[in-house]
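The values are calculated or read from the model by the stated rules, or taken from the named source; none is laboratory data. Note that the coordinates shown come from a computational prediction; the quantities given were computed from them, not determined experimentally. A quick note on method: Cβ atoms are made from the backbone with ideal geometry, for glycine too, and the neighbour counts reach across all protein chains shown.
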Amino acid sequence: MFRTNTVEKAKKGDQKAFMQLIDTEKEKLYRMAYLYVKNESDALDIVQDTIYKAFVSINNIKDVSYFSTWITRILINTSLDFIKKKKKIVPIDQEFLERIGEDTQTSIIEERLDLLQAINNLDEKYKTVVILRYYQDFSIKQIAGILDYPEGTVKTTLHRAINKLKTEIKEVCINE
């Protein structure tokens with residue numbers, strides 16, 4: 001995805017090259033951070049921290065062809081650190097609900113909110129794998145690289161996460 005020479009330039013201190021790399025990743029990073037914290041301001045802070053950490057430690061990247069994976073791992077760790085530090089659950093804000101309501105039906109909104117809530121209730125390891133797989137479209141192999149897990153572990157974790165989501169969604173449907 002990235003031209004390795006751009007990453008090599010960034011490793012040598014070329015700030016323009018680093019900014020080019022960030023430019024290609026910034027939207028994906030923001031969306032992922034937002035999925036973790038459900039707050040625009042906090043997501044922007046996490047992305048900013050991630051970019052700073054990446055800039056400071058760009059020399060630590062082992063394989064320049066995995067820049068996207070490397071910076072995604074930094075973002076995940078930064079997001080999890082932020083959540084631990086804040087120790088709070090951020091509810092979905094009213095503006096988000098109104099935006100969804102403008103272009104969808106109520107039942108679809110409820111299903112999405114149920115799914116988002118179910119994902120939010122997962123343990124962090126399950127939540128991370130689900131977000132990477134279904135919201136970021138990473139392959140099992142890419143997720144294994146990002147999280148530094150064996151592929152089999154990623155598959156097992158994803159399978160368990162899906163089963164937990166199915167169970168929770170069924171419970172919500174039964175209780176309604």
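I'm checking my understanding of the structure. Among residues of segment 154-176 that are surrounded by 15 or more Cβ atoms within 10 Å (Cβ to Cβ) and not charged (D, E, K, R), which one is nearest to Ser68 (Cα to Cα)?
Val154
Would you pick out the residues in segment 3-61 that are free of Cβ contacts under 8 Å to residues at least 12 places away in the same chain and aromatic (Phe, Trp, Tyr)?
Residues satisfying the conditions are Tyr34, Tyr52.
Looking at (1) modelled with pLDDT of 85 or more; (2) loosely packed, with under 12 Cβ neighbours inside 10 Å, find the lone condition where Tyr36 falls short.
If we test Tyr36 against (1) modelled with pLDDT of 85 or more; (2) loosely packed, with under 12 Cβ neighbours inside 10 Å, just (2) comes out false.
From the list Thr78, Thr69, pick out the single residue that is modelled with pLDDT of 90 or more, in a helix (DSSP H, G or I) and among the β-branched types (Val, Ile, Thr).
Working: Thr69 fails: modelled with pLDDT of 90 or more.
Checking each option against the conditions leaves just Thr78.
When you go through (1) over 23 Å from Tyr30 (Cα atoms); (2) modelled with pLDDT of 85 or more; (3) in contact with a helix residue (DSSP H, G or I) (Cβ under 9 Å, 6 or more places away or on another chain) one by one for Tyr126, which number turns out not to apply?
Failing condition for Tyr126: (1).
Any residue that is in a helix (DSSP H, G or I) and either within 23 Å of Lys127 (Cβ to Cβ) or in the same structural domain as Asp148 (by TED's automatic domain parsing) (or both) - is there at least one of those in segment 52-60? Lay out the reasoning, then the answer.
Step one: filter segment 52-60 for residues in a helix (DSSP H, G or I), giving 52-56, 58-60.
Among the residues that remain, those that are also either within 23 Å of Lys127 (Cβ to Cβ) or in the same structural domain as Asp148 (by TED's automatic domain parsing) (or both) are: 53-54.
The answer is yes, given that some residue of segment 52-60 is in a helix (DSSP H, G or I) and either within 23 Å of Lys127 (Cβ to Cβ) or in the same structural domain as Asp148 (by TED's automatic domain parsing) (or both).
Would you check which residues across segment 118-156 are over 16 Å from Asn77 (Cα atoms) and of a type in the set (Val, Ile, Thr) and list them?
Answer for segment 118-156, where residues must be over 16 Å from Asn77 (Cα atoms) and of a type in the set (Val, Ile, Thr): Ile119, Ile140, Thr153, Val154, Thr156.
When you look at Lys87, is it modelled with pLDDT under 85, out of contact with any Lys or Arg (no Cβ under 9 Å at 6 or more places or on another chain) and closer than 21 Å to Gly145 by Cα, yes or no? Please lay out each step first, then the result.
Details: modelled with pLDDT under 85: yes; out of contact with any Lys or Arg (no Cβ under 9 Å at 6 or more places or on another chain): yes; closer than 21 Å to Gly145 by Cα: no.
The answer is no for Lys87.
From the list Gln117, Gln94, pick out the single residue that is modelled with pLDDT under 85, under 16 Å from the mean Cα position of the chain (by Cα) and under 29 Å from Glu171 (Cβ atoms). Give the steps one after another, and end with the answer.
On the way: Gln94 fails: under 16 Å from the mean Cα position of the chain (by Cα).
Going through Gln117, Gln94 in turn, the sole match is Gln117.
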